[in-house]
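K.L.:
I'd like to ask some things about the structure below.
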Amino acid sequence: MAFEGLSSRLQEITRKIRGKARITESDLKDMLREVKLALLEADVNYKIVKEFISTIQEKALGQDVLKSLTPGQQVVKIVKDELVELLRRNRK
């Protein structure tokens, strides 16, 4: 159930940014707030969420957008990559 809620929240975030030609820092802040809330609602430890969001923000602000992706898709890719890495680290 926790993953279903997380999945639906992430899909909603993706819908909000779809079609945007440019993601502003304000957009990114709003998106990360939603990701943070989704993770906390899924009972992820607060310290892990804080570190996770910080890493995503750092990467998203400093990242050149890939030519084949929109800025929104790029942020979603960063979130996905970091989720995979987070799960991989905590699996050990």
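The values are calculated or read from the model by the stated rules, or taken from the named source; none is laboratory data. Fair warning: this is a prediction, and the values are worked out from it, not measured in the lab. Reconstructed Cβ throughout: ideal geometry from the backbone, glycine too, with neighbour counts over all protein chains shown. The area values use the complete protein model at the heavy-atom level, side chains included, leaving out ligands, DNA and RNA. Shrake-Rupley method; radii C 1.70, N 1.55, O 1.52, S 1.80 Å.
K.L.:
Collect the residues in the range 15-33 that are open to solvent by less than 40 Å² (accessible area, probe 1.4 Å) and more than 14 Å from Leu83 (Cα to Cα), keeping them in residue-number order.
P.N.:
Of all residues in the range 15-33, those open to solvent by less than 40 Å² (accessible area, probe 1.4 Å) come to 17, 23, 27-28, 31-32.
Within the range 15-33, Ile17, Ile23, Asp27, Leu28, Met31 qualify.
K.L.:
What are the residues in the range 38-58 that are under 21 Å from Thr14 (Cβ atoms) and among the aromatic types (Phe, Trp, Tyr), if any?
P.N.:
Phe52
K.L.:
Go through the chain and tell me which helices (runs of 4 or more DSSP H), entirely inside it, have 1 or more residues that are modelled with pLDDT of 85 or more.
P.N.:
Passing ranges, in order: 25-41, 46-62, 71-91.
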